[in-house]
Amino acid sequence: MPLRHFLIACLRPLVCAFCVSGFSIQGHAQNTDPFPTPLSKKGLQVQMVDDALALGVHHAAVNVSLGALFQLGEKPGELRFDAGYLASLDKQVKPLSDAGVVVYFILLAYPTGDAAKDAVLLHPARRKDGKFNIAAFNTATAEGLSLYRSLISLLAERYSGAHPEHGRVWGYIVGNEVDSHWMWYNLGNAPMTQVASEYEKAVRATHEEVSKHSAHGRVYLSFDHHWNTSMPGISAEEACKGRDLLDTFAKLARERGDFEWHVAHHPYPDDLGNPRTWLDKAALPNVDSPHITFKNLEVACDYMKRPELLWQGQPRRIILSEQGIHCLAAPEGAELQAAGYAYAWEKVTRQAGIDALIWHRHVDHAHEGGLRLGLWENQAGSIATPGKKREIYGLFLKAGTPEWTDLAKKYLPIVGLKSWDELK
């Protein structure tokens, strides 16, 4: 079905309509406001907006399912945007951005169960049995890439600042943990060079569509904590080293015409179930470290200073867009989780190359492999209904405030330090 020229309408209710040519949303003139510089690096993947604002966050990440944004129309060439889903995004974005919070969208391609939609949205080389969490975007076909561009253009125009009633989004994180693509950006069995090539097309398209509407909006590559190693237990065509993927992506981008992109790292501890990240053995203070965790964030910052990675003579920026510390189901669990956050915060504040520490999670989630990462416990029997606050909640509240120093010092003996100034 040719999808290059069509009429887009909005579903539930019909509140807006866009005339689209070649999947490019026609909207307001480009916004030229500079990228904001918040007073703090404190951020959160937000579940409860009011609570996030009470906690004083300056950065917020919001998941966006691109498959939930649209339906294919009954007529050939017709696409319908879902106004209900867009309104749900508005309810998250607007109060945050109105309060001066820098909002980032995490762009994801979940299988929808609709074969026709998935054929255009998801990468055609994805695993056919569906045993993955998130697929790669369809950058392999003209129709898929055009659809992707139209969805990004819709978001970029709506949240460019031209429509205050919707709110403002500044950052667009493309996919999730692409170095571990078998689970988090599935495009089937693929060598690292193919992964890099397909991912570069998606990131470039995102940059081009965002920059049409927001001159200084930013796009980010997504990596987990695997640096000079890859996810264990699977093949080299199912996961790759983060460092190699970064280098190959950058080389391809230069060859195809360099553009502005930045990095979103997930520096979880070596063992996601162990809150003692300060003891990580695979986080070494050198470029060949197997992992990038909270313990050795300076390695990532130093690496981005390499000449071949610079953008307009400056290192590309890093945000930490998803990471958390597990609360053990033990008497010392809450204190160790809080100590891990204190350690992470003190490390991040010392890294000039890192703009944001966006915490995961706001509330424990029952379907997260037994991990309890939340500032809040979830209610017994619920998936993510907030129960009671943990010790980390009060510490998080004071991060970036004058009260932080006195509150955080109690955790120094736990992490084996006499002063936070011992950290790099």
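The values are calculated or read from the model by the stated rules, or taken from the named source; none is laboratory data. On a predicted model such as this, the values are computed, not experimentally measured, just so you know. Glycine also receives a Cβ, built like all others from the backbone with ideal geometry; neighbour counts cover every protein chain displayed. Just the protein is used for accessible areas: all its heavy atoms, side chains included, with ligands, DNA and RNA removed. Shrake-Rupley method; radii C 1.70, N 1.55, O 1.52, S 1.80 Å.
For H367, the conditions (1) within 23 Å of the chain's Cα centre (by Cα); (2) open to solvent by less than 70 Å² (accessible area, probe 1.4 Å) are fulfilled apart from (2). Against the list (1) crowded, with 24+ Cβ neighbours inside 10 Å; (2) outside any loop (DSSP other than H, G, I, E, B), the condition C240 fails is (2). Return a yes/no flag: does the range 253-264 have any residue that is touching a residue at least 40 places away in the same chain (Cβ under 8 Å), more than 19 Å from S146 (Cα to Cα) and buried (at least 24 other Cβ atoms within 10 Å of the Cβ). Within the range 253-264 (the criterion being touching a residue at least 40 places away in the same chain (Cβ under 8 Å), more than 19 Å from S146 (Cα to Cα) and buried (at least 24 other Cβ atoms within 10 Å of the Cβ)), the answer is yes, since at least one residue qualifies.
All of G400, G381 fail the test of being under 29 Å from S222 (Cα atoms), modelled with pLDDT of 95 or more and not in a helix (DSSP H, G or I), apart from G400. A count restricted to the range 43-53 and to residues that are farther than 11 Å from V102 by Cβ, in contact (Cβ under 8 Å) with a residue 60 or more places away in the chain and either in a strand (DSSP E or B) or out of contact with any Leu (no Cβ under 6 Å at 6 or more places or on another chain) (or both) stands at 6. Give the range 169-218 a look and list any residue that's open to solvent by 30 Å² or more (accessible area, probe 1.4 Å) and either within 25 Å of G84 (Cβ to Cβ) or assigned to a strand (DSSP E or B) (or both), or say none. Matches in the range 169-218: R218 only. Residues in the range 88-138 that are over 18 Å from L44 (Cβ atoms) and in a loop (DSSP other than H, G, I, E, B): 19 in all.
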